[in-house]
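Nothing in this text is a laboratory measurement; each read-out follows from the coordinates by a stated rule. These numbers were taken from a predicted model, which means no experiment stands behind them. Cβ coordinates were reconstructed from backbone atoms using ideal geometry, including for glycine residues, and neighbour counts include every protein chain displayed.
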Amino acid sequence: MACRHFLDLSDAGPAALRAMLADAHIRKAARRDWPKGKPDADAPLAGHVLAMIFEKNSTRTRVSFDMAMRQLGGTALIMDAGTTQLGRGESLADTARVLSRMVDAIMIRTDDHAKIEELARHSTVPVINGLTDRSHPCQIVADLLTIEEQGKSLAGLELAWLGDGNNVLHSVLEAAGLLGFNVRVAVPQGYEPESAFVEMARAAGSKVTLTRDAAEAAGGADIVVTDTWVSMGQDHAPNKLAAMAPFQVDARLMALAKPDASFLHCLPAHVGEEVTEEVFESDQSVVFDEAENRIHAQKSVLLWSLGLL
Ligand code: CP
Ligand code: NVA
């Protein structure tokens, strides 16, 4: 079997993505009320080790992958890039070749997407994208799981994205193309997503609307999503925050969406900026289900990468 890197959702494709979601639902249900660190009954990754490299901060990705490995019967180790030789200039190629001899899979969070491609090129064990400046596929597996848990089917779903056209939106667009839902993107001028992701979704048959009107995007939507206006590694440019202000998700905007619409946010949130406290704390907000689902989603990603799904 070729090494299954998970750099973006397309590496898995629609059938594997559906299989990941199905397995995540089953595993989540099977361990309801169990202690969180207790391994799943089948412990399919017993004896396996995941190395996690962080070149940016993380709470959810770090803890969810660690817990995912424990629940699958394996273990994880964390490498803060600053305290490794990678942080002193050892090449990604050599790092990949060394880690391939020592661990069974590598998860990395970094800035430039080219770095993760370079790591994958030289790794003989699966490399998983824990976020780059370009995409955040692991997050979106959790988001899809959360949407399905709300009783909504992905095919034909109308998802509204408000705010910044960032890495998380790129993976939303990729998922839309793979699983057949539509995306209304409302972002200020100059903050559009990369056109490659828009074109990818459209080529696969998804309807992608780009608008400067938040109300147009939210109108009749099944899901309303936003993210921080300033991603890690970006400057807090005052003109960016001003441009984003009309795209804040507030109660008025949520009232335009379907009555049973859910609000998603990958977190961390800046309540009072991209979303009001009223919406963030409302019954429509499923952000903490979404955060928990990182564990269940990451288990599926690991199982797929290691050839067990
Ligand atoms: N959503 C997400 O990836 O969170 P962390 O930055 O805490 O990992
Ligand atoms: N767009 C955000 C996501 C954080 C999980 C960032 O890249 O900082």
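Hull surface divided by four, with the convex hull built on the Cα atoms of the stretch 203-274: how many nm²?
Working: hull surface 24.3 nm².
Result: 6.1 nm².
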*Over the stretch 225-309, with a single point scatterer placed on each C-alpha, what log10 of the ratio I(q)/I(0) does the Debye formula yield at q = 0.21 1/Å?*
-0.97
_Sum of -39500 (n - 2.57) over DSSP H runs of 4+, divided by residues of the chain (222 nm, nearest 500)_ = -12500 deg cm²/dmol
*Antiparallel bridges, percent of DSSP beta bridges restricted to the chain (to nearest 5)*: 0 percent
*To the nearest 20 debye, what charge dipole does the chain have about its Cα centre, counting +1 at the Cβ of each Lys and Arg and -1 at the Cβ of each Asp and Glu?*
960 debye
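Let me know the volume per residue of the alpha-carbon convex hull for the stretch 1-107, in Å³.
Working: hull volume 13.9 nm³, N = 107.
Dividing the Cα hull volume of the stretch 1-107 by its residues yields 130 Å³.
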*So how do 133-144, 81-92 stack up, highest first, on mean other-Cβ count within 10 Å?*
133-144, 81-92
*Here are some pairs, Lys56/Lys115; Lys28/Lys299; Lys36/Lys56; Lys115/Lys299; Lys152/Lys207; which of them have Cα atoms lying more than 21 Å apart in this structure?*
Lys36/Lys56; Lys115/Lys299
*Whole-Å distance, taken between Cα centres, linking the stretch 212-232 and the stretch 2-71*: 28 Å
*Built amide H within the under 5 Å cut-off of Ala76, gap 5+*: Leu50
_Using only the alpha carbons of the stretch 79-146, what is the convex hull's orientation-averaged projected area in square nanometres?_
4.9 nm²
*Taking every eigenvalue of the Cα gyration tensor of the chain, multiplying by 5 and rooting it, what semi-axes result, largest first, whole Å?*
31, 22, 18
